[in-house]
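Take a look at the structure below.
Read-outs: derived from the displayed coordinates by stated rules, not from any lab. Source: prediction; values computed, not measured. Using ideal geometry, Cβ is built from the backbone for each residue, glycine included, and neighbour counts are taken over all protein chains shown.
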Amino acid sequence: MARIDTMQIYHGSGAPPALLEHELGWDYTNKVLYCDSDESIVGSVVPGGILMSIVAKTAAYTVTSSDDMVTCGAGNETFNVDIIAPIVSKIYYIKNVGTGVITVDADTTGGSTIDAETTQTLYQYDSLTIVGASDASEWWII
């Protein structure tokens, strides 16, 4: 399989009409990812050919197991990003791109922590990278 270094992303009205709502489509010839959604759903290919799911949020959000990266804020919003129960080896990247304060909360599922703390605070341009512990007991900051 050829390595893909760059790609284009189309969503909403830019997606081919054959796609169902929220369905992804990949054009290998033209290196284009299609998503029929009006959500802020984007993706990227990083060196080595890994496709990451990136979501941009400006209000409270609970991550899903299919998310990889969450960018938070566009202005001065202050809100929570709730983390699901730890998944062994799952990595999340969370970045505050706004000017508000983002609280990453691991305790919404009953006892989960991030490096023994229930919350982590992200100020403007702060980021947090966490991985599920080997026994799924907590999230570790890496």
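Excluding Asp105 itself, calculate the net charge of residues whose Cβ lies under 13 Å from the Cβ of Asp105, where each Lys or Arg counts +1 and each Asp or Glu counts -1.
Values: positive: none; negative: Asp82, Asp107, Glu117.
Every neighbour counted, the sum reads -3.
Provide the net charge surrounding Glu117, with neighbours chosen by a C-beta distance below 14 Å and charges set as Lys +1, Arg +1, Asp -1, Glu -1.
That sum, taken over residues with Cβ under 14 Å, equals -4.
How do Tyr92, Tyr123 line up, fewest other C-beta atoms within 10 Å first?
On the way: Tyr92 21, Tyr123 11.
If I rank by nearby Cβ atoms, fewest first, I get Tyr123, Tyr92.
If I model a spin label at Val88 and Ala74 as a point 7 Å from the Cα along the Cα→Cβ vector, what separation in nanometres do I get?
If labels sit at Val88 and Ala74, their model points lie 4.0 nm apart.
If R0 is 35 Å, what FRET efficiency do you get for Ser65 and Tyr123 from their C-beta distance, rounded to 0.05? Walk me through the intermediate numbers first.
Details: r = 27 Å, r/R0 = 0.78.
FRET efficiency, Ser65 to Tyr123: 0.80.
Just to confirm a number: summing +1 for Lys and Arg and -1 for Asp and Glu over residues other than Val131 whose beta-carbon lies under 13 angstrom from that of Val131, what do you get?
Within the 13 Å Cβ shell, the charges total -3.
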